[in-house]
Amino acid sequence: MAWAVFPLVASALFAITSVSAQDANPTDSVGSKTVIVGAVESDVYLKKNEDGSYEGFDQDVLDELSKITGLNFRVKSPDDGRYGMKVDGAWNGMMSQLINKEIDMAMGLFITMEREKYVDFSKPLLEEHLEILVKKPEINHARWWHSTYGIMSSEVWFIVAMSFLLVGIVMFVIIRLSPYENRAYSAEVGEASRLSTFGHSLWICYSAMSWQGVDYSPRSVSGRFLFVFWFGFIVWTLILVTGAIAVYFLASPVSFSMPPVKSFNDLAAADGFRPALISGSPGEIFFKDSQVASYRRIYDRAVKVTSVMEGLKQVRLGGTALICQSTTARFHSNQKPCDLMYTHDEQGLMGRRAVGIGVQKGSPLQGQLNDAILRLKEDGTLHELYQKWTGALEGQCPANRYPPDNPPASKQPAFQYYTLGVPDVLPLFVALLVAAILALCIMGVEVLWDKRQSKETRKAAPPVNMTSDCEDTNI
């Protein structure tokens, strides 16, 4: 009887030992099936071709992992296109698929403490940080006439022309009406008609403007008063123009654009620019959970977009700055038509997080992936793959980042180019206008004074003896 029970006990022990061995070495069970991989489609990490195949950084990494581990990977994109964030206590995107065991692993997940409570992560593949993607400012290269006429706005040129006509008209009136001008003295030599013409008044103003000297010097107080302010207007205008020309030639060789916002603090304070955050992205989570006042202001003012492409459309319309991952910003800033640029954080500390591969809690895939990723890092394969999809594009679009990479000193603008506007010359024009009005008032006083002097002179003159003249005639 005992001999009959022994085979049954031995069979049971063998079955238990087989199950335990299978649990102790789960790699074999994993390798016997196809691993379903979740991955979000994007231009850098994963892109689906027309034939249904995939290409990108994630696909190349999966190919290398397959060579090392011998696993077969099948990519499955999440229906909502999200990496995964907790909304009202429930996860969405690939995080939800991992937790519900709909997929075996997820590519490109940021490693966070909150996510590690629900899934396991591999060794980091790379590190990402946040950057600002904006529309590149347009640089209008000066034409041949711009260095001469573009230094002042059209409104300033109009003010200068009106000032020239104003002084010419007032000077013409003074020459015609003031009794102390050359008209009174030149009448004896027949030059009154030449000096009292409007054309001659304009010629006097132009001669003073060109610093070539004048063939006429006002003799009246009103004329000299007007010319003092006219000379002052000319001197200050020439000083402003000379300074603008000097700055133009110093600042003209611009080799890179200055972005409208240069940092996240600028973006928080810029009322004319709206931040844009991708819903469910690490950037949105970072600013949402931040306790910094300026970062909270960015989140409160931000426009929520559903995808990177929607955010790019908003950026190209102007007035919007897209906050995205550094790889995404560098990729799209190097795409035609080269109208985008990003602000580069040299320290890379803004929202910096590690990117890894998420797996189910307790999955045997974690150990295999860690060993394979370490091997890819040690032999430089991982870095080569990253450069293939990001670094290879560098240089296709010039001036696509701020600050630029070691710009030549000769190409850096010493000053910002500045065009003279109305506020620069308006005080001069107002002073000249007031001087013209005062000159006319002074001329009026001169006319009244001359009439009074003439009356007094006639009264003081002795009367003419008409009788004596008649008697002399009769004789």
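A short reminder: the numbers here are calculations on the coordinates, not readings from a lab. Here the structure is a predicted model, which means the values were calculated and not measured. Glycine also receives a Cβ, built like all others from the backbone with ideal geometry; neighbour counts cover every protein chain displayed.
Remark: segment 28-88 is approximated by an ellipsoid whose semi-axes, taken from the C-alpha gyration tensor as √(5λ), come to 22, 17, 10 Å, largest first. Scoring 271-281, 314-324 by mean Cβ neighbours within 10 Å over their residues and listing the highest first yields 314-324, 271-281. Multiplying the residue separation of TRP203 and THR242 by 0.36 nm and subtracting their alpha-carbon distance yields 11.7 nm. Bridgeable lysines around LYS262 (alpha carbons under 25 Å apart, same-chain partners fewer than 8 residues away excluded): LYS135, LYS136, LYS288, LYS304, LYS313, LYS336, LYS411. Net charge in the neighbourhood of LEU98 (other residues with Cβ under 15 Å of its Cβ; Lys, Arg +1, Asp, Glu -1) is 0. Rounded to the nearest angstrom and listed largest first, the equivalent-ellipsoid semi-axes of segment 274-350 from its Cα gyration tensor are 21, 15, 11. For LYS67, a cut-off of 27 angstrom between C-alpha atoms picks up these lysines, skipping any fewer than 8 places away in its own chain: LYS33, LYS47, LYS48, LYS76, LYS101, LYS123, LYS361, LYS377, LYS388.
In the distance distribution for segment 305-364, Cα-Cα pairs more than 20 Å apart total 40 percent.
With each label modelled as a point 7 angstrom along the Cα→C-beta vector, the ASP88-GLN291 pair spans 2.9 nm.
Extension gain for the segment SER279 to LYS48, taken as residue separation times 0.36 nm less the Cα-Cα distance, is 81.0 nm to one decimal. Under 5 Å between amide hydrogens, built in the peptide plane, is the criterion, and for VAL75 it picks out VAL37 among residues at least 5 positions away or on other chains. 3J(HN,Hα) along segment 370-379: 4, 5, 5, 5, 4, 5, 5, 6, 5, 8 Hz, from the Karplus curve 6.51 cos²θ - 1.76 cosθ + 1.60 with θ = phi - 60°, whole Hz, x for Gly and Pro. In whole percents, the pair-distance distribution calculated for segment 50-117 from its alpha-carbon pairs, binned every 5 Å from zero, is 3, 14, 23, 23, 19, 11, 5, 2, 0. First measure r as the distance between the Cβ atoms of SER263 and GLU116, then evaluate 1/(1 + (r/R0)^6) with R0 = 25 Å and state the FRET efficiency to the nearest 0.05. The calculated FRET efficiency here is 0.20.
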